[in-house]
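This report concerns only the one structure given below.
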Amino acid sequence: LQRFKAISQGIAICVVGIGFLVLIGWVLDIELLKSLVYEWPTMKSNTAVLSILSGILLLRKTRGIRETWFTLSIAALILLISTLTLGEYIFVVEYGIDQLLFKDPSTDVIHPGRMSLFTAISFILLVFAMLSLNLSSGSLTKEYFLISVFFLTMLALIGYLYGVSSLFKFVAFASISANTAGSLLLLSVVIYRDWE
């Protein structure tokens, strides 16, 4: 158990590191840090921030830190940004959060700077899983959340690996980057049990 916790903490730190590297990429305009390959979509700045916050939340959970106002504030911020982004897709509106940190120069996307629909939904599911906010069916609810995120991120990564461009024509996957999918996959793999 201690070894697994150490691995989980390492993965949480890795996710935080990915987020920071992407933000550095946006600050210094380094495409390699924003996306693994120049032609691929970039990890959006909002996504990088949520990756950092999710990694911190996971790190606190793996260290057995109880829910405090700080932990709940992090979770609330992740949920706020994700839910607002989800609302932009559903209600076809602009809340001005997509390019709040950095202006996205992308010209091949409909909504520059906006994380993909799947990314927004994934962060919501991951936060619920990390805080064990199960609605009605106990621990199975959390497992369903994590399995959904795991398989969809695997699908995105396989799409990149084999060059399945048709996959990314779907709205849900349209702007998801490989490093975003990788971060979500790492998070979904280790958030499978309560740490208390």
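Once you keep just the Cα pairs under 8 angstrom separated by 6 or more residues, what percentage relative contact order results for the chain?
On the way: 269 pairs, mean separation 50.4, N = 196.
For the chain, the relative contact order is 26 percent.
Helix-only estimate, please: 222 nm mean residue ellipticity of the chain, summing -39500 (n - 2.57) across DSSP H runs of length 4 or more and dividing by its residues, to the nearest 500.
Working: 7 runs with 123 residues, N = 196.
Using -39500 (n - 2.57) per qualifying helix, the result is -21000 deg cm²/dmol.
Let me test this: with uniform point scatterers at the alpha carbons of the chain, what is the Debye-based log₁₀ I(q)/I(0) at q = 0.10, 0.19 1/Å?
-0.38, -1.41
Strictly over 25 Å apart at the Cα level, which of 61/142; 34/169; 34/142; 142/169 would you flag in this model?
Correct reply: 34/142; 142/169.
I need the peptides 39-45, 85-91 ranked by packing, meaning the mean over residues of other C-beta atoms within 10 angstrom, with the highest value on top. Let's see the in-between values first.
Numbers: 39-45: 22.4, 85-91: 15.9.
Top to bottom by mean Cβ count within 10 Å: 39-45, 85-91.
Sum up the charges of everything whose Cβ sits under 14 Å from the Cβ of residue 125, counting Lys and Arg as +1 and Asp and Glu as -1, but leave residue 125 out.
On the way: positive: 142; negative: 143.
Once all neighbours under 14 Å are counted, the net charge is 0.
Values quoted throughout were computed directly from the atomic coordinates according to the rules given, and no laboratory measurement underlies them. Note that the structure is a prediction, hence the values are computed from the model and not measured. With ideal geometry, Cβ positions are generated from the backbone for all residues, glycine too; neighbour counts draw on all protein chains shown.
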